[in-house]
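A.B. asks: First, the structure itself, so that you have it in front of you.
The values are calculated or read from the model by the stated rules, or taken from the named source; none is laboratory data. Keep in mind it's a predicted model, so treat the numbers as computed, not measured. Here Cβ is always computed from backbone atoms with ideal geometry, including for glycine, and neighbour counts include all displayed protein chains.
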Amino acid sequence: MKQQFTSQAFMQSPETVFAPLREQSAVVRIRLPIIGKVWLTTNAAATSAMLKDNHRFTMRKSAKSNSSEVAGVQWWMPRTIQLLATNMLTQDEPDHRRLRKLVDQAFQRRTILALEERVQAIAEDLVTNIQKDFRSTGESDLVGSFARPFPMAIICELLGIPNAIRDEFAQQAVRMTKMSGILSFLSALLPIRKMRLMLSDVIQDTQSRIQKGESVDGLIGDLVLVEADGDRLNHDELIAMVFLLLIAGHETTTHLISGSVVALLENPAQKQLLIDKPERIDMAVEELLRFVSPVQFSKPRHVRQSGKFHGVELKQGDLIMAGLASANYDPTEFDSPTKLDLTRRPNPHLEFGTGIHFCLGFQLARLELKVALRTLLTAAPQMCIGTDGAQWGQRMGLRVLDRLPIVEK
Ligand code: HEM
């Protein structure tokens with residue numbers, strides 16, 4: 001039952017697991033590795049209601065703000081985990097608002113749209129790797145050659161992480177993300193610690209360059225100034241913020257891009273539609289977010305008050321998660337939800353969550369997918385999946401592709 005949510009079969013077609021759960025109830029009780037017993041919302045109404053009610057469902061057990069209060073973080077987890085868990089996503093108001101306000105501006109629509117030219121240049125540079133692979137071996141792994149390095153390069157540039165250590169960061173991030181159960185959680189601790197130390201060095205270096213009066217590019221420099229300026233951000237919060245932006249800013253988009261390419265290659269008529277009518281790209285991006293649903297569950301919340309919720313009796317202290325991927329296939333919300341329809345409108349998917357923790361990077365994620373698809377379909381319009389097929393990975397809460405071999409017809 002536990003591996004139900006990390007098996008290859010589930011990753012390939014999560015709806016085969018979610019559909020019966022949704023039919024059973026709007027909120028079901030499941031058991032997950034590490035987290036244990038947790039409630040999961042399965043339809044759009046319960047998912048949206050849970051995420052919007054930040055009084056009844058909170059990130060912390062109580063108003064105290066030490067990290068062991070965070071839903072899903074256990075007392076036995078090492079200090080690095082406790083420290084990195086002190087970020088905006090694990091805070092309730094007012095700390096959440098204070099932290100989010102510090103970076104809101106950098107992720108607003110206008111700021112992100114201004115990055116388009118640079119994002120396009122990075123995509124074009126990476127696509128040449130695919131073309132090189134085609135020439136040398138006839139096949140390229142889209143995950144390694146494009147879907148992983150593309151968002152990583154963009155978030156590193158946005159944060160101001162120096163070029164020289166980006167590859168090392170990327171390698172640690174891959175090692176860190178092999179988490180599906182307690183054993184893989186323990187083996188992920190080493191790369192997590194390594195990344196924290198690397199980030200501390202980058203932050204220290206930025207601090208000393210600022211002190212010397214040198215100009216620094218990137219969000220880390222802005223945050224270092226905020227930390228020095230007064231009481232809006234302490235040092236632990238600064239490290240946790242940069243770590244969150246780095247991980248949330250590349251991991252999810254990597255799987256959105258690779259999952260979208262699989263979806264298009266398995267639905268050639270829809271792929272052709274996008275090639276013939278590139279002006280439909282914005283609508284296509286929304287449908288691919290819904291259809292692929294790389295983020296399957298939200299972070300767990302604590303139930304603060306006992307009582308009935310969408311037909312089930314919740315007890316104070318229980319844990320509850322939003323089943324985003326299940327909500328995105330709710331037939332009462334979407335006609336023929338298992339069909340990829342790039343012209344779907346309206347498309348009220350919940351892939352970026354909702355409520356106070358609504359994804360900070362949604363504009364960036366949309367821009368990245370749009371540029372990625374435009375560039376890939378222009379450079380390799382005839383691509384199709386290689387003979388080994390797409391290899392889905394085992395990750396709890398995320399729908400990931402470890403490898404996606406592509407060839408040219
Ligand atoms: C495919 C792309 C992405 C998806 C599907 C996605 C999804 C989500 C979801 C569902 C949440 C809410 C989680 C919850 O309520 O428990 C969230 C929060 C967040 N996301 Fe994203 N995300 C994506 C890309 C990004 C990017 C590119 C960034 C850039 C930095 C980012 C930064 C964040 C942050 C900082 C939060 C916490 C916001 C808060 O607590 O107020 N995400 N994301």
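Yes/no matrix, rows are residues, columns are (1) aromatic (Phe, Trp, Tyr); (2) crowded, with 22+ Cβ neighbours inside 10 Å:
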position: Val292; (1), (2): no, yes
position: Pro300; (1), (2): no, yes
position: Gln305; (1), (2): no, no
position: Tyr329; (1), (2): yes, yes
position: Leu350; (1), (2): no, yes
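A.B. asks: Can you find even one residue in the range 263-271 that is on the phi < 0 side of the Ramachandran plot, away from the ligand (no atom under 11 Å from the Cβ) and under 21 Å from the mean Cα position of the chain (by Cα)?
C.D. replies: Initially, the range 263-271 is screened for residues on the phi < 0 side of the Ramachandran plot, giving 263-271.
Narrowing further to those that are away from the ligand (no atom under 11 Å from the Cβ): 263-271.
So of that shortlist, the ones also under 21 Å from the mean Cα position of the chain (by Cα) come out as 263-264.
Yes, that holds for at least one residue.
A.B. asks: Still on this structure: Can you say whether Gly230 is at positive phi and either over 16 Å from the mean Cα position of the chain (by Cα) or crowded, with 21+ Cβ neighbours inside 10 Å (or both), as far as the supplied structure shows?
C.D. replies: Values: at positive phi: yes; either over 16 Å from the mean Cα position of the chain (by Cα) or crowded, with 21+ Cβ neighbours inside 10 Å (or both): yes.
It is true that Gly230 is at positive phi and either over 16 Å from the mean Cα position of the chain (by Cα) or crowded, with 21+ Cβ neighbours inside 10 Å (or both).
A.B. asks: How many residues are in contact with an Asp or Glu (Cβ under 8 Å, 6 or more places away or on another chain) and closer than 10 Å to Val143 by Cβ if we restrict to the range 380-405?
C.D. replies: 5
A.B. asks: Same structure again: Could you give every pair whose Cβ atoms fall below 9 Å, whose first residue belongs to the range 333-353 and is within 19 Å of Gln296 (Cα to Cα) and touching a residue at least 24 places away in the same chain (Cβ under 8 Å), and whose second residue is more than 16 Å from the ligand (Cβ to nearest atom) and among the aromatic types (Phe, Trp, Tyr), counting only separations of at least 6 or pairs across chains?
C.D. replies: Between residues of the range 333-353 that are within 19 Å of Gln296 (Cα to Cα) and touching a residue at least 24 places away in the same chain (Cβ under 8 Å) and residues that are more than 16 Å from the ligand (Cβ to nearest atom) and among the aromatic types (Phe, Trp, Tyr), the close pairs are Asn347/Phe334; Pro348/Phe334; His349/Phe334.
A.B. asks: Which is within 16 Å of the ligand (Cβ to nearest atom), buried (at least 17 other Cβ atoms within 10 Å of the Cβ) and within 23 Å of Met59 (Cα to Cα), of Ala322, Ala365, Ala372?
C.D. replies: Working: Ala365 fails: within 23 Å of Met59 (Cα to Cα); Ala372 fails: within 23 Å of Met59 (Cα to Cα).
Of the residues listed, the single one that is within 16 Å of the ligand (Cβ to nearest atom), buried (at least 17 other Cβ atoms within 10 Å of the Cβ) and within 23 Å of Met59 (Cα to Cα) is Ala322.
A.B. asks: Considering only residues that are assigned to a loop (DSSP other than H, G, I, E, B) and surrounded by 16 or more Cβ atoms within 10 Å (Cβ to Cβ), which ones fall in the range 391-409?
C.D. replies: Restricting attention to the range 391-409, the residues satisfying the condition of being assigned to a loop (DSSP other than H, G, I, E, B) are 393-397, 399-400, 404, 409.
Correct list: Gly393, Gln394, Arg395, Met396, Gly397, Arg399, Val400, Leu404.
A.B. asks: Within the range 235-254, can one find any residue that is surrounded by fewer than 17 Cβ atoms within 10 Å (Cβ to Cβ) and either in contact with a helix residue (DSSP H, G or I) (Cβ under 7 Å, 6 or more places away or on another chain) or under 20 Å from Leu115 (Cβ atoms) (or both)? Give the steps one after another, and end with the answer.
C.D. replies: Going residue by residue through the range 235-254, those that are surrounded by fewer than 17 Cβ atoms within 10 Å (Cβ to Cβ) are 235-236.
Now restrict to residues that are either in contact with a helix residue (DSSP H, G or I) (Cβ under 7 Å, 6 or more places away or on another chain) or under 20 Å from Leu115 (Cβ atoms) (or both): 235-236.
Scanning the range 235-254, I find at least one residue that is surrounded by fewer than 17 Cβ atoms within 10 Å (Cβ to Cβ) and either in contact with a helix residue (DSSP H, G or I) (Cβ under 7 Å, 6 or more places away or on another chain) or under 20 Å from Leu115 (Cβ atoms) (or both), so the answer is yes.
A.B. asks: Pick from the range 70-109 the residues that are surrounded by 13 or more Cβ atoms within 10 Å (Cβ to Cβ) and more than 14 Å from the ligand (Cβ to nearest atom): which of them is nearest to the chain's Cα centre (by Cα)?
C.D. replies: Ile81
A.B. asks: Still on this structure: When you check Arg290 against the structure, is it under 14 Å from the mean Cα position of the chain (by Cα) and modelled with pLDDT of 95 or more, yes or no? Let's see the steps before the verdict.
C.D. replies: Numbers: under 14 Å from the mean Cα position of the chain (by Cα): yes; modelled with pLDDT of 95 or more: yes.
Here the answer is yes, as Arg290 does meet what is asked.
A.B. asks: Looking at (1) more than 19 Å from the chain's Cα centre (by Cα); (2) closer than 23 Å to Glu124 by Cβ, which one does Met283 not meet, given that it meets all the others?
C.D. replies: With (1) more than 19 Å from the chain's Cα centre (by Cα); (2) closer than 23 Å to Glu124 by Cβ applied to Met283, the lone miss is (2).
A.B. asks: Something else: Read through the list (1) surrounded by fewer than 19 Cβ atoms within 10 Å (Cβ to Cβ); (2) in contact with a helix residue (DSSP H, G or I) (Cβ under 6 Å, 6 or more places away or on another chain); (3) more than 24 Å from Thr254 (Cα to Cα), then give the number of the only condition that Arg166 fails.
C.D. replies: Single failed check for Arg166: (3).
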